[in-house]
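None of the figures in this text is laboratory data; all of them are computed from the coordinates on show. All figures in this text were calculated on a predicted structure; none of them were measured in a lab. In this analysis, Cβ positions are derived from the backbone assuming ideal geometry, glycine residues included, and neighbour counts consider all displayed protein chains.
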Amino acid sequence: MALPPDEQIQSSKWYPKYHVAPPHGWLNDPNGFCWYNGQYHIFYQHHPYSVDWGPMHWGHSTSKDFCKWEHQPIAIAPGAFSEGHEWYDWDGCFSGCGFEFEGKLWLMYTSQRFNGAGGVNSSAPNPSAYNPSGSSGGGLVTERQCYAYSEDGIHFTKYEKNPVIDIPNDHLVIANIDFRDPKIWEHNGRYYCVIGNRIHDRSRTQIVLFESDNFFDWTYKSIVAISKPDYSEGTMWECPGFAHFGDDYVMIISPQHVPPQGRLFHNIHQAGYMVGKLDYAQGVFTHGEFFTFDYGFDFYATTMMKHPDTGRYFIIAWMAAWQSPFPEQADGWATMLTIPRELKMRDGKVLTVPPEELKALRKTQAHHENLKLDKPTKLEGVKGSVGELVVNIDPKQAFEIDLRVGESDNEKTMFSYEPNERVFALNRDFAGAGGKGVREFEIEPCDNIEIRAFLDTSSIEIFINDGQYVTTTRVYPRDTSDDIVFIPKAGTLEIKSVDYYSFE
Ligand code: FRU
């Protein structure tokens, strides 16, 4: 199907107003998140020729302030088989990172190359990358790490000596397939790079560490972390990265196929972190358990950056799940990224907080306080589909807040709290087109619940208590479904304050 013109796509009803989405076509993981030349750069896995996953390109957007993103030309595309060059990535340019080195912006990405059935330059997708069943390509694909560089942050050239990280000789340790998503950082004058991987028999997944003195010659160092052999921590850890707060290191990973545990892990794949200590001499990360970054439906393939001037860490993720329907495909585009979140560490856990910068999106405000509600209530000025809702409430009460509520029928996205078990539930059974279901999470005892919900045309991201818990979902209501309703669930509901900020 030929795609409609960009202008038509970008004015379609579910196209976001302040999130990154592709100008047209398909998007998945965010890549190469960095600060370069006075602005933020986010790249993303992109198939520009259709609304489905296909041979991967790197799409690109830039922002000075996280509030307004600008589309940029495609940064990297698979090499042309017909012209016989760039043999290493004829089948796609998978996820990776961005890093400023000696004034240039370097992107390190995973090159894809089919070697067997399916044919060289086959457009068949790599099954290991996303097949929900977890079956892998059985040696049909070779993944290596490559560079592309730029002097202006917009136009990129593939590095002449690609690939820069090939499969090490130690084939017993590192399978040639499932060797992807490099992330570079610098520590005490040396460069380090982690890559997601599985061991040769695919019974465990691991993160492998490479190091370099000069940024170009990389040597294999170690298996820095490895999963338990029972698949309880997933089958493949994608999109790794390390952040640190003093001596506390945070390993970010996106594990595929973690089995559900109680209320947790009901999406096909997870995105989260482990906290621990990184021994650079041995190349080993000693860590605690895995925690999720998000308790909702649509959050995967987290990418992270450190601001070179302030040292602040930010993450962005793919706001989707492989198993979801994407109704916006009918309009010529598919999927989008989350808002950036700032990483903070408190009591051994990582908080993901909406950055202060996003307050600049606020245009108008409606404020209410000391409310006592006996029935479902709409509040004056508290209404919208592109804005931010902030509610402070005593956690001893049961309540529900419905978002994106329609006038005449029961279209709504329900967010409720039950105080006995301290459980929040996000229910999208009546949210419109798109996926259905409920996601729940339990919170620790607290004196006040602060809810910050970011609404865009087809997404809701809800932050509880300064990023301690976050739940994210795509929703596909009618554009006229923009009411917000506060519902007491047991007697009178007392709400300390409600603020609604419209971004339009
Ligand atoms: C994660 C992922 C990455 C890979 C990319 C391919 O969603 O499977 O591991 O690099 O998508 O598009």
Within segment 452-476, what residues put their amide N at less than 15 Å from the label point 7 Å along the Cα-to-Cβ vector of Asn392?
452, 465-466
Given the rule -39500 (n - 2.57) for each run of at least 4 DSSP H residues, summed and divided by the residues of the chain, what is its mean residue ellipticity at 222 nm, to the nearest 500 deg cm²/dmol?
-500 deg cm²/dmol
With +1 on the Cβ of every Lys and Arg and -1 on the Cβ of every Asp and Glu, and nothing else charged, how large is the dipole of the chain about its Cα centre, in debye rounded to the nearest 20?
400 debye
Taking neighbour counts of Cβ atoms within 10 Å as a proxy for exposure, in what order, fewest first, do Ile449, Ile167 appear?
Ile167, Ile449
In nm, the gap between the two label points placed 7 Å beyond Cα toward Cβ at Asp279 and Lys228 is 2.2 nm
What ranking of Asp29, Asp279 emerges when the number of other C-beta atoms within 10 Å of each C-beta is taken as an exposure proxy, fewest first?
Asp279, Asp29
What is the order of Val391, Val485, Val275, fewest Cβ neighbours within 10 Å to most?
Val485, Val275, Val391
Can you spot the aspartates and glutamates whose alpha carbon is less than 20 Å from Lys221's alpha carbon? Ignore those fewer than 8 places along the same chain.
Glu143, Asp166, Asp170, Asp178, Asp181, Glu186, Glu211, Asp213, Glu238, Asp279
For a protection proxy built on the mean count of beta-carbon atoms within 10 angstrom, sort 191-199, 439-447 highest first, please.
191-199, 439-447
In the structure shown, of Lys17/Lys436; Lys349/Lys375; Lys359/Lys489; Lys378/Lys436; Lys277/Lys436; Lys68/Lys183, the pairs separated by more than 28 angstrom at the C-alpha atoms are Lys349/Lys375; Lys359/Lys489; Lys277/Lys436
How far apart, in nanometres, would the label points at Ile154 and Asn188 be if each is projected 7 angstrom from Cα along the Cα-to-Cβ direction?
4.1 nm
Quick shape check on the chain: root eigenvalues a ≥ b ≥ c of the Cα gyration tensor, a/c under 1.5 is rounded, otherwise prolate if a/b tops b/c, else oblate, and it reads prolate
